[in-house]
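A short write-up of the structure that comes next.
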Amino acid sequence: MKFTVEEFRAWKHKCVTLLGMSGVGKTYLSAMLRRSDWFHYSGDYRIGTRYLDEPILDLIKARAMRDTFLRELLRKDWITIRNIIKIHDLGPVLSFIGKLGNPELGGLPLDEFSRRQALYREAEIAAMLDLPEFVRKAQEIYSYAHLVNDVGGSLCELEEPRVIEMLAQHSLILYIRVPEADEIKLIQRAQADPKPLYYRPDFLQVAVKDYLELNRLSYVAEIDPDDFTRWVFPRLFHSRVPRYEAIARPHGYTVSSEDAARVRDERDFLELIETAIERSEAA
C-alpha cells in the first residue's frame, strides 16, 4: 500500500511487511513491536511449523529407520518425533534444506538439494499467501491492533508476482537497505550464523559451475559444503539487492539498516515509516 503521512497515521489496523536480507534487523523490530500490541507474523516460522513440518519429520524418520533400535520403536508407534521450531531458532528448517556438496562432509547431491530447494520455495509462497488470513486472526481471535510481517530474506528470489501483489495490497512494504559500508559486516554475520537459504535455479546453476571451475573440481560431490556456502553468500547478497529495490520502488518504502537499528520502541518505528513516506513524496 502507498500512503500519505496523514493516511498512514489514520490507518486503524496497520500491517507492515519488513523486507530485506537476513541480519538487517527484521526480527529484532518484530519482537520489539510485539511488546507494543503488534502481532508478529514470521514467514520462516510458518514455513517450518506448517508447510515443511511433514517433510522435515519424514527426513528425520528416514534417518532413524537406519538404526535397528529406533526402527522397531517407530514401526510399532512406541515413540513420537516432533519438530521444535522457534522464531529465533530455525534449526530443523536449516537442517532440512541442507548444504550442497560432498556427502562424506554432510553435503547433498545436486538433485536432492534442488528438490528441497523447490519445496522451500513453495512453502515460502504459501506462507506469504497466508498473510490476509493472519491479519484477520490477529484482530478477531487475538485482539491485536496491528501486524508486522517478518519475511524471509529470499522473498525477492521467488519470482512469483502474485505474492508481491498480495503484499502490496494488504500491507505497507518497508525495505531495510544495507548501506554499502556495512555490507561486509552483514555478510560476515550471516556466514557466522547461517539461516535457511533459497537459491533461484539459474543462480545456483551458474554459481556451481563457477565454483567448480575456480577450485578445479569436476563433480558436485567434490565440493566442500561449508566452503561453498561461505563462498556463495556474498554473491547471493549482491544479486538480491536490485531485486529488493525492484519490489520497494513501485510498491513500498526504503529505510537504511542504520536507521532501523536506532528504533527503540513503537513510536520510533512509526516515525521511521513516516519519514520514509515523506522522503518518497518529495522525490
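Laboratory data are not the source of any read-out in this text; all were calculated from the coordinates shown. Please read these numbers as outputs of a predicted model, since none were measured by experiment. Neighbour counts are summed over all protein chains in view; Cβ atoms, including those assigned to glycine, are modelled from backbone coordinates with ideal geometry.
When only Cα pairs below 8 angstrom with a gap of at least 6 residues are kept, the chain shows a relative contact order of 33 percent.
Please give the net charge around LEU167, taking every other residue with its beta carbon less than 15 angstrom from that of LEU167, where Lys and Arg add +1 and Asp and Glu add -1. Combined, the nearby Lys, Arg, Asp and Glu give -1. So for segment 5-278: antiparallel DSSP bridges make up what percent, rounded to the nearest 5? Percent antiparallel among DSSP bridges in segment 5-278 is about 5. Restriction of the trypsin sites (Lys or Arg not before Pro) in segment 23-85 to DSSP coil positions whose beta-carbon has at most 16 other beta-carbons within 10 angstrom yields ARG35, ARG66, LYS76, ARG82. Rounded, prolate or oblate, given the Cα gyration tensor of segment 64-209, with a/c below 1.5 counting as rounded? It comes out oblate by the Cα gyration axes. Annotation note: trypsin sites (Lys or Arg not before Pro) in segment 163-220 located in DSSP loop regions with a Cβ neighbour count of at most 11 within 10 Å are ARG216.
Given a Förster radius of 35 Å and the C-beta distance between ALA126 and ILE81 as r, what FRET efficiency does 1/(1 + (r/R0)^6) yield to the nearest 0.05?
E between ALA126 and ILE81, to the nearest 0.05, is 0.90.
Counting 0.36 nm for each residue step from GLU245 to ARG262 and taking away their Cα separation leaves a gain of 3.9 nm. Within the chain, the ratio Rg/Rh, alpha carbon atoms throughout and Rh by Kirkwood, equals 1.00. Rounded to the nearest 10 degrees, the inclination of helix 131-140 to the longest alpha-carbon principal axis of the chain is 60 degrees. Residues considered: TYR28, TYR219, TYR244. Largest GNM mean-square fluctuation over the chain, using C-alpha springs under 10 Å, is found at TYR219.
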